[in-house]
1. So what J values fall out for segment 178-184 if you push phi through Karplus, 6.51 cos²θ - 1.76 cosθ + 1.60 with θ = phi - 60°, rounded to Hz, Gly and Pro as x?
2. Give me TYR271, TYR385, TYR57 sorted ascending by neighbouring Cβ count inside 10 Å, so fewest comes first.
3. For SER310 and LEU280 in one chain, what is 0.36 nm times their gap in residues minus the Cα-Cα distance, to one decimal in nm?
4. Using 1/(1 + (r/R0)^6) with R0 = 60 angstrom and r between the beta carbons of HIS526 and ILE242, what's the FRET efficiency to the nearest 0.05?
5. Once the Cβ-Cβ distance between ASN624 and LEU367 is put in as r, and R0 is 51 Å, what FRET efficiency do you end up with, to the nearest 0.05?
6. Subtracting the Cα-Cα distance from 0.36 nm times the residue separation, let me have the gained length for ARG59 to VAL19 in nm, one decimal.
7. Give me TRP292, TRP53, TRP336 sorted ascending by neighbouring Cβ count inside 10 Å, so fewest comes first.
8. Residues of segment 225-252 with the amide nitrogen closer than 19 Å to a label point 7 Å from the Cα of ILE78, along Cα-to-Cβ, please.
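Bear in mind that the values in this text are calculations on the coordinates, not laboratory data. Since the structure is predicted, the reported quantities are computational estimates derived from the model, not experimental observations. Heads up, the Cβs are rebuilt from the backbone with ideal geometry, glycines too, and the neighbour counts pull from every protein chain shown.
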Amino acid sequence: MSTDASTAPAATAGQRAVVIIAATCVLGLLYVGREVLVPIVLALFLSLLMAPWVRIYRRLGLGHGSSVLIAVLALVVIGGGLTTVIGSQMLSMARSLPQYEATIHAKVQTLRTLTLGQLQAMQGEFGKVIASSEGAPENLSAGEGAQASGEAVTHGSTRGTSAPMAVLARVLSTAWVPVETAGIVLVVLVFVLLEHESLRDRFIRLAGGNDLRATTAAINDAGERLSRFFLSTFSVNFGVGIAIGVGLWLLDVPNAPLWGALTAVLRFVPYIGVWLVAALAALFAAAVVPGWTLLVLTLALYIVIELIVSQLVEPFLYGHTTGLSPLAVVVAAIFWSWLWGPVGLVMSTPLTLCLVVAGRHVQALGLLNVLLGDAPALTMPQRLYQRALSGDAGEIITEARSFLKRRSFAAYCDNVLLPALQLAGIDLRRGVIGAEQQGTVRETIVTVVSALGNEGQRHMRWRRRTSVLDDVSIGRRLRQQREDISGRWQGPLTVAPGSIVLCVGLGTVVDDLATELLTRILRDLHVDARHVSVDDFAAFEAEPHPEATPNAVAMLYLVSAQLSAEQQGMVEVAAQMRERMPGVHIAALLLPEPLAQADGPATTEADVDEVLDSFESAAVQAINRIPEGTAAAA
């Protein structure tokens, strides 16, 4: 035993060291090999974008090679046209900038007057000091301007005397790198599309091992999801670019096609891309006309279109989110831009999405899905239990009310509250919860249950203040809230015949709480439900109650959350209830036990009319059996 105990930490430390070394090597390879990897990754992403078009062409009767050729040629035409538009528009804007010089100078003077001028007037003598200190920079800037103009003349004369071939060589050297990258991307793209099926089979062979079925399903699912996401994103960004271009053209903003094209491209950059273009377009709009109206209209155009697309179009196409957490998108943009530059910034979201998809289907990469995905790291019962241990009742109540907007309080108890309490019970049996934590959990659960539903809101201000060291069970304390207001029997005894539902627990702490939850669920549905124990029946029969309505009880629930240990008790209590109230419909609510394997519907040997296994089903049965006219408002 000592040998195993000593080697286990060493093995764990060794595994962590291997993971760290492997991650470092991967990062180094990504950085060093970026010139090779960037074109290949671009080609793979474009293949996911072009694959649906290739399939469409093949359905039209074209061959595989012809379909790939047509798709790639269409991509080249679109990409070349977009590049031509951007280039020509940038040259046009550069030529027209001098004619906007007067407007720009007037706007700068206006802003200076509204900002620095007001500050100088308010500061008095200190403003004069600032004004005097600004003379040197202005003189310096003038001198620098003269020097720059002189240098410009000198360089201008040099450029005038330079040979045309030298200018052409500089242009070609500047454009060679993007042209080379585009050529590599196209070549790789063609071969990836041509061998799409073969590449998929090879990857399945490498990653699938013996379970080819699961690997094939995972790869097909990931490929379809990524392809659909890329196609939808490209279509949305292309449409936004056209809308912005047309809108700016209608507003008479110069070079509107340039801003539309830049918007379509930079919208691939998450969160900030479109607003960077909006800021540049607004500044340019402010420079071309004397007033500020065009700037405001330009910003309004971007805001309106972006709100419509982000809130209506994108949710309709591929849901509200990409499957990535917002923090992961921001961190991924920073990481990939540091690693691969501007191309990495544009591809950051697709790259991170690929990692998340891999984490969902590959067990060894599950950490990536937890860190980068938008799915909650903990289930709702786990979150409730964790926050109960911390005493954070407010956050639990906020999350519960969000759940209750979609589903009922009974469903919340079935799917969230009861499983969380079962987690607490497991830890309690293991002895890992101290007395102080037990008191914190009790106080938190009492606060949460008291705050939820009509029953809880009504009794919240009457809640008895108790110490965290109070040993009274949660169910009894919640029941006491109602007794403090409605009396010992939780309501009047003079009621309509067949209008009361009794909820009886089998005596344990868990049964007590489950019975109280059922009572509150039914009272929230305007059913006159009352939480009683077996001893309460003896006390009631020993006292005279002439005002009590005969045959007032219509249903009786026997609640058990631990049937495996309470089977005999259920039989005995059911027999007693049948003897005391022979005409009452008796139902057994057998709640699922933690870590128990359910082989079929819950059953019991007790003499009951029906067996239920959830709060929701119990609520439905009570509503169906209690006539609406006799249901009392709880």
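1. Listing the rounded values in order: x, 5, 4, 4, 4, x, 4 Hz.
2. Working: TYR271 11, TYR385 26, TYR57 19.
So the ranking, lowest neighbour count to highest, is TYR271, TYR57, TYR385.
3. Values: separation 30, 0.36 × 30 = 10.80 nm, distance 2.09 nm.
Additional length available on full extension: 8.7 nm.
4. Efficiency computed from Cβ-Cβ geometry: 0.60.
5. Numbers: r = 48 Å, r/R0 = 0.95.
With a Förster radius of 51 Å, E is 0.60.
6. Values: separation 40, 0.36 × 40 = 14.40 nm, distance 4.58 nm.
Gain on stretching ARG59 to VAL19: 9.8 nm.
7. Numbers: TRP292 13, TRP53 18, TRP336 21.
Placing the least packed residue first, the sequence is TRP292, TRP53, TRP336.
8. Correct set: 225-246.
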